[in-house]
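Input: a single structure, listed below in structure tokens.
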Amino acid sequence: MALMNELASVGSYVKSALSSNVQLKYEVPTQPTKDNVVVRMLTTDTESETAYHYRVDRTYQVVIYGADSPTVIERMDAVSRKINDRTTLIPIAGSLRYIRTNGFGYGAAFRTESGLWACAGVLQTEVREARTQEQYDKVMHVYPRYDLRIPVG
């Protein structure tokens, strides 16, 4: 479930950089419209860092559709500026944790088969996850015992 929560967090962050009339999708629609923005996870990789946590590197693809090339590039530039200028952290919904961004890049706009224009970008992120630790029963009561040893003689 953590992946779906992070995907939704990245999606809402990308959408917040755009106008309110865009429709956020997590899969590429068969018939995209000029207001569709698609955010989907491309790759994931883990790296062990310590005995207590590991790093999860994820790559997300952002695809923006529009009626013409300048609109698509303008929208993608707005997303790029928000990610690269304002902060390098994306808040994870429902928690106090963040997704760290490691860069965002995009290519040239292209015409789709349906006649719309689209532009694809790639967002590199990382999140640190705590390893599951073994749980032990708590010591409920501790009673001190004093032992006085005085040498005789």
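With the requirement that a residue be within 19 Å of Arg58 (Cα to Cα) and in a loop (DSSP other than H, G, I, E, B), what does segment 1-39 give you? Met1, Tyr26, Glu27, Val28 - these are the residues of segment 1-39 that are within 19 Å of Arg58 (Cα to Cα) and in a loop (DSSP other than H, G, I, E, B).
Taken over segment 48-66, the criterion of being farther than 23 Å from Tyr26 by Cβ, in contact (Cβ under 8 Å) with a residue 60 or more places away in the chain and either out of contact with any Asp or Glu (no Cβ under 8 Å at 6 or more places or on another chain) or open to solvent by 60 Å² or more (accessible area, probe 1.4 Å) (or both) is satisfied by Glu49, Ala51, Tyr52, Tyr54.
Just one of (1) more than 19 Å from Gly103 (Cα to Cα); (2) surrounded by 13 or more Cβ atoms within 10 Å (Cβ to Cβ) fails for Pro29. It is (2).
Which of the following residues is out of contact with any Gly (no Cβ under 6 Å at 6 or more places or on another chain), of a type in the set (Phe, Trp, Tyr) and under 30 Å from Gln135 (Cα atoms): Tyr52, Tyr60?
Just a single option satisfies the conditions, and that option is Tyr52.
Can you work out which of the residues in segment 76-123 that are among the basic types (Lys, Arg) and within 16 Å of Ala8 (Cα to Cα) is nearest to the chain's Cα centre (by Cα)? Restricting to residues being among the basic types (Lys, Arg) and within 16 Å of Ala8 (Cα to Cα), the top hit is Arg100.
The values are calculated or read from the model by the stated rules, or taken from the named source; none is laboratory data. The structure presented is a predicted model; accordingly, all values stated were derived computationally and were not measured. Note that we place each Cβ from the backbone using ideal geometry, even for glycine, and neighbour counts take in every protein chain shown. Calculation scope for accessible area: heavy atoms of the full protein, side chains included, ligands and nucleic acids excluded. Shrake-Rupley method; radii C 1.70, N 1.55, O 1.52, S 1.80 Å.
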